[in-house]
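The values are calculated or read from the model by the stated rules, or taken from the named source; none is laboratory data. None of the values given here were measured: they were computed from a predicted structure. Counting neighbours? That spans all protein chains shown, and the Cβs are built from the backbone with ideal geometry, glycine included. Side chains are part of the model used for accessible areas, which takes the heavy atoms of the whole protein and leaves out ligands, DNA and RNA. Shrake-Rupley method; radii C 1.70, N 1.55, O 1.52, S 1.80 Å.
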Amino acid sequence: MQTARFKRVSEQDRNPIRLLIDGQVVKALDGDSLLVAVLTSGPVLRQSEFGDGSRAGFCLMGACQDCWMWTADGQRIRACTTPAREGMSVLTQPPSEALWPIPA
Amino acid sequence: MADPRIIVVGAGPAGVRAAECLVEAGLRPIVIDEASFSGGQIYRRQPRNFTRSYESLYGFDAAKARALHGAFDGLKDAVDYRPDTLAWNIAGNVLHTVSDGVARAIEFDAAILATGATDRLAPIKGWTLPGSYSLGGSQIALKAQACGIGARVVFMGTGPLLYLVAYQYAKAGVEVAAVLDTSPLSAQAKAMADLVVRPDFLARGLYFRAQLMARRVTVRNGITPIEVIGQSSVEGVRYRTADGREHRIECDAVAMGFHLRSETQLADLAGCPFVFDEATGQWRPEKDGDGRTGRPGIYVAGDGAKVLGADAAETAGRLAALAAMKDLGRSVEEAEMDRLRGKMRRFDRFRRGLATAFPWPAGLVRQVEDDVIVCRCEVITAGQIRETACAKGAPEMNRTKALSRVGMGRCQGRFCGSAAAEILAEVRGRDLSEVGRLRGQAPVKPLSVSTIVEKAE
Ligand SMILES: Cc1cc2nc3c(=O)[nH]c(=O)nc-3n(C[C@H](O)[C@H](O)[C@H](O)COP(=O)(O)OP(=O)(O)OC[C@H]3O[C@@H](n4cnc5c(N)ncnc54)[C@H](O)[C@@H]3O)c2cc1C
């Protein structure tokens, strides 16, 4: 397994949840944002569409939009402001090229 | 006559106090916030199933946080509170919102914009590597999610929040590799005369610094950032100290911020005139001492109007609400308004002190190398901006945006705007104020493609 980026410092007594990231099971805790759920189990969130490598979010306050992920049906979600939920399934890339680019 | 409809955008310190003041006068304002909980940035709440105490979350500000949360919770039945709702445009006297994919158009008699601020960023080589975060973002990870952004963190930039967040990390048990401040200590000395108007805050700043030093954290002033190093992830930071020597420090995360910038897009879309603020090199909505903008019916308060901090935001929120009611023909207590204005003057003096103590590093930004990415969204480099400014002759920001796409990406210039303006001003040999500012665009943040058509209210 790849190393986690974020380190939990407390509040670890919460109920465990499981979600699917690109089809892989990821364990997280109830109350995590999607961004935290992903980054406490791996190092990155997504690939930059401009070929300059991976990204792992930046502002965490819903302003930079650098933490977009996608649902299987093509809905774009902002990982830093979306709560992680049991059974949630998300993708690190848009499911269809036709959906990108989406105008701001 | 029916009661006037007043909308407050933002449920941080400014918005909460504005709403409270309106309720005291017998009105029922609509309060809109994109976040799920009230509190804003400084008093951001943790999810309901977290158990840390106010003291551990907010430190010196615990009592104020409790008071602000209590005040808003007490208004539950008296306001029309709409959390998880983005205000994305203002056209005429109509505010456009979206919540859970449903758009609404709400007519108003007055709107109080209390939209707060985000980090102000300067581009540094390598700042797009996974593991680099905005300073505010690093605090949110800790405060709202009980996580550190890494195991060994460098805090780089300038401003009072740099020391506060580094201290909070150290206290939470995360290793702080270094605090690297671009402002020289001499600047802080020069600012003393203004900073002493808030001795408690001055003392806090010194306390955080002393605490970091006591934990043997490297604290450097007057540094020049060179590079965030790493292959596919942050591995360290290179910087130069004032004596010209280069240093390298290992870390797996960097938190960066150069004080704050106001969220002004809604005021811009509403047609409020803007002024250039020399002290910070930023544009902000023009307002009188009470928060009235140049657009009748539109008021601004808190960090979204001018970055003065949380206590000032509470005062300004209340003052703007009183001004709005006065303009709508309600009787308000002039004596109270006078008292609040007096407080605002003291906050403004402190702000001047902070701008002197922790200046935006314009010189460093202007010298950023050509291959450094300025626009994180669309990967546009400093070189491309310079080329556009020279070869294509873009004289001001919106032209540069059209030609180079800088500021056109999904963050809409929030994180590249300050730097792009400096670079453009330097290349064109103009004053910063002459290259203008990126105009606000609706929607102020990207909307989901599946947003349902509007319902009018
Ligand atoms: C990340 C961060 C952390 C900070 N931490 C501290 C700290 O620890 N100590 C300190 O002294 N200062 C801190 N500050 C400074 C802080 O800005 C002020 O202290 C204070 O929070 C300002 O209050 P405000 O009411 O003006 O704005 P905020 O508290 O920022 O509240 C603004 C609110 O408006 C909402 N909003 C904005 N735009 C829209 C929109 N278009 N639609 C709907 N809602 C919207 C936001 O969701 C937010 O809740 C921090 C700033 C930031 C950015």
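In table form, for the structure just shown:
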| item | result |
| --- | --- |
| For B:Phe155: the one exception among (1) within 16 Å of the ligand (Cβ to nearest atom); (2) in a helix (DSSP H, G or I); (3) more than 14 Å from every other protein chain (Cβ to nearest Cβ) | (2) |
| Residue count, the range B:219-242 (criterion: over 24 Å from B:Leu206 (Cβ atoms) and surrounded by fewer than 16 Cβ atoms within 10 Å (Cβ to Cβ)) | 3 |
| Of all residues in the range B:144-165 being within 18 Å of B:Val234 (Cα to Cα), crowded, with 23+ Cβ neighbours inside 10 Å and touching a residue at least 40 places away in the same chain (Cβ under 8 Å), the one that is nearest to the chain's Cα centre (by Cα) | B:Gly157 |
| Selection count, the range B:12-37, where residues are among the small types (Gly, Ala, Ser), closer than 16 Å to B:Ala301 by Cα and within 14 Å of chain A (Cβ to nearest Cβ) | 1 |
| Residue within the range B:416-439 that is closer than 24 Å to B:Phe258 by Cα, among the aliphatic types (A, V, I, L, M) and within 10 Å of chain A (Cβ to nearest Cβ) present | no |
| Residues that are open to solvent by less than 60 Å² (accessible area, probe 1.4 Å) and either in contact with an Asp or Glu (Cβ under 6 Å, 6 or more places away or on another chain) or assigned to a strand (DSSP E or B) (or both), drawn from the range A:6-19 | A:Arg8, A:Arg14, A:Ile17, A:Leu19 |
| Residue match in the range B:142-150 (condition: part of a helix (DSSP H, G or I) and farther than 23 Å from B:Tyr43 by Cα) | no |
| From the options B:Asp311, B:Asp288, residue that is assigned by TED's automatic domain parsing to the domain that holds B:Gly26 and either among the aliphatic types (A, V, I, L, M) or within 16 Å of the ligand (Cβ to nearest atom) (or both) | B:Asp311 |
| Selection count where residues are open to solvent by less than 20 Å² (accessible area, probe 1.4 Å), modelled with pLDDT of 95 or more and not in a strand (DSSP E or B), scope the range A:32-57 | 9 |
| Scope the range B:38-90; condition away from the ligand (no atom under 13 Å from the Cβ), outside any helix (DSSP H, G or I) and within 14 Å of chain A (Cβ to nearest Cβ); matching residues | B:Gln46, B:Pro47, B:Arg48, B:Asn49, B:Phe50, B:Thr51, B:Arg52, B:Ser53 |
